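Down below is the structure, laid out as structure tokens.
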Amino acid sequence: MMVRWIKIALVACIGLQALFYVLHNLANLGAAHGALSYVLSGADHVVYPDTAFFHVGNSTLAWLPLAMVFAGEFLVGIFGLKGAVRMFRARNAEAEVFHEAKRDGVIAAGLALLVWFGLFMTFGAAFFQMWQTEVGAGSMEGAFMYAVVSAVAMLFVCLTED
């Protein structure tokens, strides 16, 4: 029974973390937009000043990826909390029922990986080379931490009781 409680708590934490981030980002909308515009522009890239792809110098275009990040974080939050509630309701049920109740929590963790690994690390860090600046490196390090924790939590939550 304790293992089920831990799984419920992990899924709730994934959801809460994402909701906290999206709410903080919305409360600091100008700063979030400025940081993303800065990263996309390639400004202050001295280690690898050239790109194999492209930079986005128009800060207006940065609203689209910012909306994608916000939507991703919001969905992680909703699926995480929904998953935790479903798991809580099934906490005393048979193993098959509890395992099925984990679906939304696993979706939340998977979406978290898509946001923090897919968007931040694949596109931000690799494509736009955000690691070259202090602002970008901080975001990339945080994204790495959230992606790894989400992946480990997802693996643990997916385990069956057999």
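Mind telling me which of Ala32, Ala84, Ala108 comes out most flexible in a GNM of the chain, alpha-carbon contacts under 10 Å?
Ala32
Could you give the length gained on full extension between Asn92 and Ala71, defined as 0.36 nm per residue of separation minus the Cα-Cα distance, in nm? Don't skip to the answer; put the middle values down first.
Working: separation 21, 0.36 × 21 = 7.56 nm, distance 3.31 nm.
Taking 0.36 nm per residue and subtracting the Cα distance, the gain is 4.2 nm.
Give me the distance in nm between label points sitting 7 Å out from Cα along the Cα-to-Cβ direction at Trp63 and Leu29, one decimal.
1.0
Select one label from (1) 31, 24, 13; (2) 30, 16, 14; (3) 35, 15, 11: the one whose number is semi-axes √(5λ) of the Cα gyration tensor in Å as derived from the coordinates shown.
Given (1) 31, 24, 13; (2) 30, 16, 14; (3) 35, 15, 11, the structure-derived one carries the label (3).
Evaluate the distance, in nm, between pseudo-label points positioned 7 Å from the Cα of Phe54 and of Thr160 along their respective Cα→Cβ axes.
4.8
Regarding region 100-155, what is the average projected area of its C-alpha convex hull, in nm²?
Mean projected area of the Cα convex hull: 3.5 nm².
Defining a contact as two alpha carbons under 8 Å apart and six or more residues distant in sequence, what relative contact order in percent does the chain show?
Averaging sequence separation for qualifying contacts and normalising by length gives 31 percent for the chain.
Report the relative contact order of region 54-123, percent, no decimals, based on alpha-carbon pairs under 8 angstrom and at least 6 residues apart.
Averaging sequence separation for qualifying contacts and normalising by length gives 36 percent for region 54-123.
When the chain is fully extended, how far beyond the present Cα-Cα distance does Ala151 get from Glu100, taking 0.36 nm per residue of separation?
That pair, Ala151 and Glu100, stretches by 16.5 nm at full extension.
Over region 9-80, what is the mean sequence separation of C-alpha contacts under 8 Å (at least six apart), divided by residue count, expressed as relative contact order in percent?
55
Calculate for the chain the 222 nm mean residue ellipticity that helices alone would give, adding -39,500 (n - 2.57) per DSSP H run of length 4 or more and normalising by residue count, nearest 500 deg cm²/dmol.
-23000 deg cm²/dmol
Could you give the DSSP H helices of the chain that reach 27 angstrom or more along their long axis (alpha carbon positions) and whose average Kyte-Doolittle hydropathy is no lower than 0.0?
Long hydrophobic helices here: 2-27, 63-89, 134-158.
Every number here is computed from the coordinates shown, using simple stated rules; none is lab data. Since the structure is predicted, the reported quantities are computational estimates derived from the model, not experimental observations. Please note: Cβ atoms are built from the backbone with ideal geometry, for glycine as well, and neighbour counts cover all protein chains shown.
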